1. Look through the stretch 140-167, keep the residues that are closer than 24 Å to Leu35 by Cβ, part of a loop (DSSP other than H, G, I, E, B) and of a type in the set (D, E, K, R), and return whichever of them is farthest from the chain's Cα centre (by Cα).
2. So if I check each of Ile107, Ile111, which one is in a loop (DSSP other than H, G, I, E, B) and either free of Cβ contacts under 8 Å to residues at least 12 places away in the same chain or over 26 Å from Ala49 (Cα atoms) (or both)?
3. Just wondering, is there one or more residues in the stretch 62-71 that are in contact with a Gly (Cβ under 7 Å, 6 or more places away or on another chain), closer than 25 Å to Gly25 by Cα and not polar (S, T, N, Q)?
4. Looking at (1) within 13 Å of the ligand (Cβ to nearest atom); (2) out of contact with any Lys or Arg (no Cβ under 7 Å at 6 or more places or on another chain); (3) more than 22 Å from Val105 (Cβ to Cβ); (4) open to solvent by less than 40 Å² (accessible area, probe 1.4 Å), which is the one condition that is false for Thr43?
5. Over 18 Å from Gly14 (Cβ atoms) and open to solvent by 30 Å² or more (accessible area, probe 1.4 Å): which single residue out of Val114, Val71, Val105, Val90 fits that description?
Amino acid sequence: MKLILFGMPGVGKGTQAKILAQKHGAVHISTGDMLRANIQNGTPLGTMAKGYMDKGELVPDNLIIAMIEEVLSSAKAKKGYVLDGFPRTVPQAESLETILWRANVPIDKAINIVVDEEEVVRRLSGRMTCPNCGAIYHKYNQPPKVENTCDSCGHVGLIQRNDDKEETVRHRLEVYHKNTEPVLQFYRNKGTIVDINGAKSVEEVTTAIEQVLQSARA
Ligand code: AMP
């Protein structure tokens with residue numbers, strides 16, 4: 001499985017990427033998670049990225065491309081990968097072409113998960129994340145079994161990401177329209193992208209993505 005997941009912030013890319021990667025033995029490559037891990041570990045990259053992320057701005061292309069090149073060139077990625085949150089700009093998409101060609105791991109399909117914008121704002125502003133393992137919850141739609149405690153790793157103290165505050169979410173959506181929509185057009189021109197309705201249950205969306213991948217192989 002060599003897949004790119006697209007869609008506005010909050011459409012469920014992270015949730016789907018985790019499920020699909022686990023099911024199909026692929027690496028889940030989330031640039032957002034990688035950046036957050038760098039922040040948590042206090043690396044120079046994390047220090048540079050934090051200011052952009054807290055404001056809902058994109059981290060500069062050169063930092064992101066260097067980070068992604070290392071993972072995609074690794075032996076693990078040869079078995080399969082699910083890209084989540086990358087590429088987000090046309091220069092990133094162009095660099096990705098070169099990286100994949102060099103590493104000889106071309107994508108099977110790009111999937112665009114589509115959800116109404118107001119639903120996205122509602123989803124993100126209620127989103128709670130486990131700072132320890134990255135598991136995602138929603139205050140109302142998908143609360144953890146025990147209040148404020150992660151079901152997956154037992155960590156107590158779920159947090160709201162700084163960039164999930166409503167005002168920042170709205171800014172992230174503007175950034176998405178300006179920078180990432182042209183990337184969709186890039187893949188539409190190549191004929192590798194398929195739109196999927198993301199306003200369904202998690203299981204239904206997973207099945208829809210798997211069906212697209214199966215028909216791509218047939
Ligand atoms: P995400 O978890 O994918 O929503 O990403 C959170 C934040 O990390 C974004 O709002 C950006 O600030 C930064 N980020 C993640 N991926 C990228 C990327 N491919 N290019 C630039 N910035 C990114």
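1. Lys165
2. Result of the check over Ile107, Ile111: Ile107.
3. No; the residues of the stretch 62-71 include none that is in contact with a Gly (Cβ under 7 Å, 6 or more places away or on another chain), closer than 25 Å to Gly25 by Cα and not polar (S, T, N, Q).
4. (1)
5. Answer to the selection: Val90.
Table: residues versus (1) among the polar types (S, T, N, Q); (2) in contact with a Phe, Trp or Tyr (Cβ under 8 Å, 6 or more places away or on another chain); (3) modelled with pLDDT of 95 or more; (4) near the ligand (Cβ under 7 Å from one of its atoms).
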| site | (1), (2), (3), (4) |
| --- | --- |
| Leu58 | no, yes, yes, yes |
| Ile68 | no, yes, no, no |
| Ser73 | yes, no, no, no |
| Pro87 | no, no, yes, yes |
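The values are calculated or read from the model by the stated rules, or taken from the named source; none is laboratory data. Quantities reported herein were computed from a predicted structural model and do not represent experimental measurements. Counting neighbours? That spans all protein chains shown, and the Cβs are built from the backbone with ideal geometry, glycine included. For accessibility, only protein heavy atoms count, side chains too; no ligands or nucleic acids. Shrake-Rupley method; radii C 1.70, N 1.55, O 1.52, S 1.80 Å.
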